[in-house]
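Read-outs throughout are calculated quantities, based only on the coordinates presented, and are distinct from any laboratory measurement. Note that the coordinates shown come from a computational prediction; the quantities given were computed from them, not determined experimentally. In this analysis, Cβ positions are derived from the backbone assuming ideal geometry, glycine residues included, and neighbour counts consider all displayed protein chains.
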Amino acid sequence: MAGAATQLELASVEDAVPIARLSRDEIEHGLEWRWQPPAILRLIARPETAVLCARCRFGGASVLGGFGVMEFGLERAHLVLLAVAPRLRRRGVARQILGWLEKSADTAGVGEISLEVRAGNHGAREFYATQGYRHGDYLHGFYQGREAAYRMTKKLL
Ligand SMILES: CC(C)(COP(=O)(O)OP(=O)(O)OC[C@H]1O[C@@H](n2cnc3c(N)ncnc32)[C@H](O)[C@@H]1OP(=O)(O)O)[C@@H](O)C(=O)NCCC(=O)NCCS
């Protein structure tokens with residue numbers, strides 16, 4: 001079970017390249033690669049942003065199994081990125097990452113979390129729905145004018 005073998009920790013600069021690659025391959029496929037290593041490094045350095053890594057045991061080694069990025073405001077938080085490596089999916093890794101970020105938001109007094117997800121990404125939309133997120137606005141051309149998104153939100157308070 002992944003829960004026992006997954007360790008969550010804040011990203012360090014060495015994580016920027018593997019995180020950027022995971023974003024390119026699993027989140028941004030078919031779009032221009034926005035979250036390249038320098039952009040991830042800027043996220044890691046920003047005090048109002050948490051970049052969380054899930055380190056998982058796989059084949060006897062510790063690998064970057066997934067990551068999540070959340071921006072914290074005074075009243076709202078925004079989930080910027082979330083991905084799990086394909087070979088480690090459906091083991092609760094994303095649930096653990098999101099749970100950690102939500103708990104941090106709750107502790108900070110944030111009342112609502114929002115995110116955008118590609119409209120055609122039914123798996124992720126289903127995942128977020130199981131975690132208590134509700135579908136909101138349909139955003140035409142949200143991704144580089146090419147692809148629509150749904151905004152999804154979850155109230156914490
Ligand atoms: C969406 C994603 C993050 C889910 O990661 P995961 O670690 O596999 O998710 P979990 O194992 O924590 O899933 C928890 C529950 O969510 C639901 N769920 C997760 N993925 C699902 C899918 N593809 N289809 C339907 N339900 C899904 C299930 O109810 C699952 O519980 P179960 O496995 O016991 O049935 C992962 O598929 C991913 O990285 N996708 C590509 C990137 C992406 O779409 N990111 C989100 C948009 S930015």
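Data table
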item	result
Members of the stretch 44-61 found to be buried (at least 19 other Cβ atoms within 10 Å of the Cβ) and within 13 Å of the chain's Cα centre (by Cα), listed by number	50, 51, 52, 53, 54
Filter result (in a strand (DSSP E or B) and within 8 Å of the ligand (Cβ to nearest atom)) within the stretch 71-111	79, 81, 82, 83, 84
Positions within the stretch 123-151 being within 23 Å of residue 100 (Cα to Cα) and within 10 Å of the ligand (Cβ to nearest atom), in sequence order	123, 124, 125, 126, 127, 128, 129, 130, 131
Among (1) over 16 Å from residue 124 (Cβ atoms); (2) among the acidic types (Asp, Glu); (3) outside any strand (DSSP E or B), the one test that residue 26 misses	(1)
Selection from the stretch 29-49 of residues that are in contact with a strand residue (DSSP E or B) (Cβ under 9 Å, 6 or more places away or on another chain) and closer than 20 Å to residue 124 by Cβ	30, 31, 35, 40, 43
In the stretch 5-26, the residues that are loosely packed, with under 13 Cβ neighbours inside 10 Å and either under 13 Å from residue 42 (Cβ atoms) or in contact with a Gly (Cβ under 6 Å, 6 or more places away or on another chain) (or both)	13
Residue within the stretch 107-119 that is closer than 27 Å to residue 5 by Cα and either in contact with a Cys (Cβ under 6 Å, 6 or more places away or on another chain) or crowded, with 17+ Cβ neighbours inside 10 Å (or both) present	no
